[in-house]
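Read the structure below first, then the notes.
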Amino acid sequence: MLELNFKEDILQKVIENAVKKVIKENGKAPTSEWVCSTEAMEILGIKKTKLADLRTKNKVEYSKVSGKNILYSRASLLKYIEEKVVKY
């Protein structure tokens, strides 16, 4: 299990930098409520097997659109990250 230890101000800077990077690369801020598996893995910094594990353990919200096409709730991914923050 991956556990990150950040103070709130450091976590805020990490998130801000990540958003700035996405804006720079895509030309706009992420606005979609639902994201594909690839983007979910990027947001969490995990691999496909860990994402599948989070899904089967109902740690993140998802929607199985069709066949193998699964979308993840961006809000639930960010909530998962927040739940892992260790406060001092």
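The values are calculated or read from the model by the stated rules, or taken from the named source; none is laboratory data. Computed from a predicted model, the values in this text were never measured in an experiment. Cβ coordinates were reconstructed from backbone atoms using ideal geometry, including for glycine residues, and neighbour counts include every protein chain displayed.
Below are the figures for this structure:
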item	result
Segment 10-24 residues that are touching a residue at least 12 places away in the same chain (Cβ under 8 Å), paired with ones that are outside any helix (DSSP H, G or I) and surrounded by 10 or more Cβ atoms within 10 Å (Cβ to Cβ) (beta carbon under 9 Å, 6 or more apart)	LEU11/LEU4; LEU11/VAL85
Criterion violated by SER63 - all others in (1) assigned to a helix (DSSP H, G or I); (2) touching a residue at least 24 places away in the same chain (Cβ under 8 Å); (3) small (Gly, Ala, Ser) satisfied	(1)
Test: residue in segment 30-40 that is loosely packed, with under 10 Cβ neighbours inside 10 Å, at pLDDT below 75 and assigned to a helix (DSSP H, G or I)	no
Residues of segment 45-58 that turn out to be under 8 Å from the mean Cα position of the chain (by Cα) and at pLDDT 95 or above, as a count	0
